[in-house]
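All of the numbers you see were taken from the coordinates with simple rules; none came from a lab. Because the structure is predicted, anything quoted here is derived from the model rather than measured. As a convention, Cβ positions derive from the backbone with ideal geometry for all residues, glycine included, and neighbour counts pool all protein chains shown.
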Amino acid sequence: MEQRLTIVGLGVADLAVSSAFYEEKFGWEKLPASTNDISFFQLNGILLSLYSREKLAEDATVDAAGTGFKGFTLAYNTRSKEEVDHVIAELEAKGVRIVKRPQEVFWGGYSSYIADPDDNLWEIAFNPYLPLDKKGNAV
């Protein structure tokens, strides 16, 4: 198996609300392949898909119930501490819930956390040990 990730799929409670969050708060554009049942967003080298939590659980043949920490986070890395502060300020001005304010962290970086409408946690972080290329890919 090749070392690659193609799609990160998030099961969401309300597709319209979650799609609007990523379009309006993050400023991302849906791909033309999106439908009334699924939204796709092109990221660096992978896709983010939003799909009904119930239907996604049914497809995977698992129970859709679940509460508390989901056991994963998504990360948006920046090129500086100042960029973290800027991104968080922009998101907060758009009404995004800030879970953790930007701060120095134990591993030597600077990070903050926000939540999407389904409480998926996004870390907005500067990692001085992880340089990014012009497109924002980790190198």
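Between LEU132 and MET1, what FRET efficiency follows from the Cβ-Cβ distance if R0 is 25 Å, with the result rounded to 0.05?
My answer for the efficiency is 0.45.
So what does the Cα-only Debye profile of the stretch 74-126 read at q = 0.18 Å⁻¹, as log10 I(q)/I(0), no solvent term?
-0.49
Take every Cα-Cα distance within the chain, group them into 5 Å bins from 0 onward, and report for each bin the whole-number percent of pairs it holds.
Per 5 Å bin, starting at 0, the Cα pair percentages come out as 2, 9, 17, 21, 20, 17, 9, 5, 1.
Reachable lysines from LYS94, Cα under 29 Å, same-chain residues fewer than 8 places away excluded?
Excluding near neighbours in sequence, the set is LYS25, LYS30, LYS70, LYS81, LYS134, LYS135.
Please report the spacing between the Cα centers of the stretch 110-133 and the stretch 51-79 in Å, no decimals.
Centre-to-centre (Cα) distance: 17 Å.
Relative to the Cα centre, what is the charge dipole magnitude of the chain, using +1 at the beta carbon of each Lys and Arg, -1 at the beta carbon of each Asp and Glu, and rounding to the nearest 20 debye?
It comes to approximately 340 debye.
Whose amide H sits under 5 Å from the amide H of SER52, counting only residues 5 or more places off or on another chain, with H placed in the peptide plane?
Close amide H contacts, sequence-distant or interchain: VAL12.
For the chain, find the longest principal axis of its Cα atoms and tell me its angle to the long axis of helix 81-93, 0 to 90°, nearest 10.
Around 50 degrees separate the two axes.
Describe numerically, in nm with one decimal, the distance between label points set 7 Å from Cα along Cα→Cβ at LEU43 and at THR73.
1.4
Once amide H atoms are built 1.01 Å from N in the peptide plane, which residues 5 or more positions from VAL99, or in another chain, come under 5 Å H to H?
TYR113, ILE114, ALA115
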